[in-house]
Amino acid sequence: MLNIILFDSDARSHLQPLTSTRPMGELRLGILTLREKWEHRLRGSVSYITQEYLQEKYPIRIEAENLVINGGIIPTEEICRRIDALGMGEALLYEGELVAARLNEAQFETLIDDEEVRELQGKELESTISVTRIEHLWQLTRLNATAILDDYQLITSGRKSQPVSPTNRLIGPTQNVFLEEGVQMECCILNAHAGPIYVGKNAEIMEGSMLRGPVVIGAETIVKMGAKIYGHTSIGAGCRIGGEIVRSILFANSNKAHDGYLGDSVLGEWCNLGAATNNSNLKNNYSEVKLWDYDTQRFEKTGEQFVGLIMGDHAKSGINTMFNTGTVVGIFSNVYGAGYQRNFIPDFSWGGTDKGYRSYKFTEACETAALVMSRRNIPFTDFDKAILYHVYDQTAPFRSWEK
């Protein structure tokens, strides 16, 4: 099996808090993560070059032959065909930035030690091949529609869907609906005219739910009665879903189980939105949305009119929480209280706009994480704890009340 090593590009710091706890290759877009896309298309196995504090959980695997690939690039058939044709010691560049290189073990060690392999033969990627790089948080929801279509074609080609129960109402082409083994779904409305609907293994779509493609429901996810899920939405494995969702991405094991609106938003893993949590994704004056950037430490123009909520892993909201247009919530934040919340809520914050914030004690956060993850039979490891402590320490300057 081909050994693929994904490395984080310089854009990683702009993609926090989603990349605070994972390499770029673990970002979800469409049906699959970026890692899974590369593994499917190149028929290989991925490991990572990432930040030192993440490397123990995501170790590098070095073999006699290695394909080193920029983890921020979305793989396409064209790019993968060109990468597959690389000879040993050859590299592809795009606008001077490394796309991919095929290296033996010695060359790889040299690259890691010196960040340069002198004998490497670098060639600029042909202009006929388009390249999409993930460099900003707001790109994820904008790129999701195309990603769902590409992934759907990739993973369902040549396969047969489980049958759709006749109690459901299907609108649109039958080939645009794919149910994996074990799906439970009765008395639902599926509109696949505008794009495909993919439902993962053992997912349950309760009666009265309405799905308008392109929509992805991950394995083991439960969609509760009467949910309204609009197009360009991807929901990862093990989630609990209810209410209204539009053009959003939820990573694995996150919950938006109650009524409330979520639009143009991205939630990391282990997030939980309390009942009647709502977010705005459009300003009242219809102007361009700005979004907090961890790297520049200021609000940056997005060039977008629709931007909702970006929430890092293990963040939570209380009932009736209201999030403003273009809000970034750091990992392990617990947000609650009356009125609209701040547009940037630092990592490990506890509280809300009306009564102020305090810091979420690190030991308490770890205890909660262990309890939450145990409900899905997933252990909270020492690696996880070390990652969280690094983020806790590095984000302390944003928690102004600690000074």
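How big is D, in µm² s⁻¹, for the chain by Stokes-Einstein at 37 °C and 0.692 mPa s if Rh is the Kirkwood radius over C-alpha pairs?
In µm²/s, the coefficient is 150.
Evaluate the charge dipole of the range 2-124 about its Cα centre and quote only its size in Debye, nearest 20, assuming +1 on the Cβ of each Lys and Arg and -1 on the Cβ of each Asp and Glu.
640
May I ask what percent, to the nearest 5, of DSSP beta bridges between residues of the range 139-402 are antiparallel?
Of those bridges, close to 15 percent are antiparallel.
What are the ³J(HN,Hα) couplings of the range 43-54, residue after residue, when phi is run through the Karplus curve with 6.51, -1.76, 1.60 and θ = phi - 60°? Round to Hz, x for glycine and proline.
6, x, 10, 9, 10, 9, 9, 9, 4, 4, 6, 9
Cut-off under 18 Å on the C-alpha distance; same-chain residues fewer than 8 positions from K224 excluded. Which lysines are left, in chain and number order?
By straight Cα distance, K224 reaches K201, K256.
Report the rotationally averaged projected area of the range 2-124 based on its alpha-carbon convex hull, in square nanometres.
7.3
Output the peptides 347-356, 25-34 sorted from most to least packed, where packing is the average of other Cβ atoms within 10 Å over each peptide's residues.
Those peptides, ordered most packed to least, come out 25-34, 347-356.
Around L86, what is the net charge, scoring Lys/Arg as +1 and Asp/Glu as -1 over all other residues with Cβ under 11 Å from its Cβ?
With Lys, Arg at +1 and Asp, Glu at -1, the neighbours total +1.
What is the set of long-range amide H partners of L29 at a cut-off below 5 Å, with H atoms built 1.01 Å from backbone N?
Hits under the 5 Å cutoff: L34.
Filter K57/K301; K37/K123; K37/K385; K160/K290 down to the pairs with a C-alpha to C-alpha distance above 32 Å, please.
Checking Cα-Cα distances, K57/K301; K160/K290 exceed 32 Å.
How compact and how long is the range 51-122, expressed as Rg and Dmax of its alpha-carbon atoms in Å?
Considering the range 51-122 through its Cα atoms, Rg and Dmax are 12.5, 34 Å.
May I have the pair-distance distribution P(r) for the range 167-216, computed from all Cα-Cα distances with 5 Å bins from 0 and rounded to whole percent?
Pair shares across the bins are 6, 24, 33, 30, 7, 0.
Which of the listed residues, S287, P196, A276, is farthest toward the dipole's positive end in the chain, when Lys, Arg count +1 and Asp, Glu count -1 at the beta-carbon?
A276
Among A257, M373, P166, whose Cα lies farthest out toward the positive end of the dipole of the range 139-402, if unit charges sit on the beta carbon of Lys, Arg (+1) and Asp, Glu (-1)?
P166
Taking neighbour counts of Cβ atoms within 10 Å as a proxy for exposure, in what order, fewest first, do C80, C188, C271 appear?
Result, fewest neighbours first: C80, C188, C271.
How high is the relative contact order of the range 139-402, given as a whole-number percent (alpha carbon pairs under 8 Å, six or more residues apart)?
Taking the mean separation of contacting Cα pairs over the length of the range 139-402, I get 9 percent.
Quick query: amide H of S248 versus all other amide H atoms, modeled in the peptide plane; which residues come in under 5 Å with a sequence gap of 5 or more or a different chain?
Here the answer is T233, S234, D264, S265, since their amide H atoms fall under 5 Å of that of S248.
Relative to the compact-globule scaling 2.2 N^0.38 Å, provide the ratio for the alpha-carbon radius of gyration of the range 100-185.
Compared with the compact-globule rule of thumb, the range 100-185 sits at 1.80.
Once amide H atoms are built 1.01 Å from N in the peptide plane, which residues 5 or more positions from I217, or in another chain, come under 5 Å H to H?
Y198, V199, G200, I235
What are the ³J(HN,Hα) values, in whole Hz, obtained from phi via the Karplus relation 6.51 cos²θ - 1.76 cosθ + 1.60 with θ = phi - 60°, for each residue of the range 203-219 in sequence order, with x given for Gly and Pro?
Result, ordered by residue: 6, 10, 10, 6, 4, x, 6, 10, 10, 10, x, x, 9, 10, 10, x, 4 Hz.
To the nearest 20 debye, what is the magnitude of the charge dipole of the chain about its Cα centre, counting +1 on the Cβ of each Lys and Arg and -1 on the Cβ of each Asp and Glu?
1700
Only the coordinates and a few stated rules stand behind these numbers; no lab work does. Values in this document were obtained by computation on a predicted structure and should not be read as measured data. We place every Cβ from the backbone using ideal geometry, glycine too, and count neighbours over all the protein chains shown.
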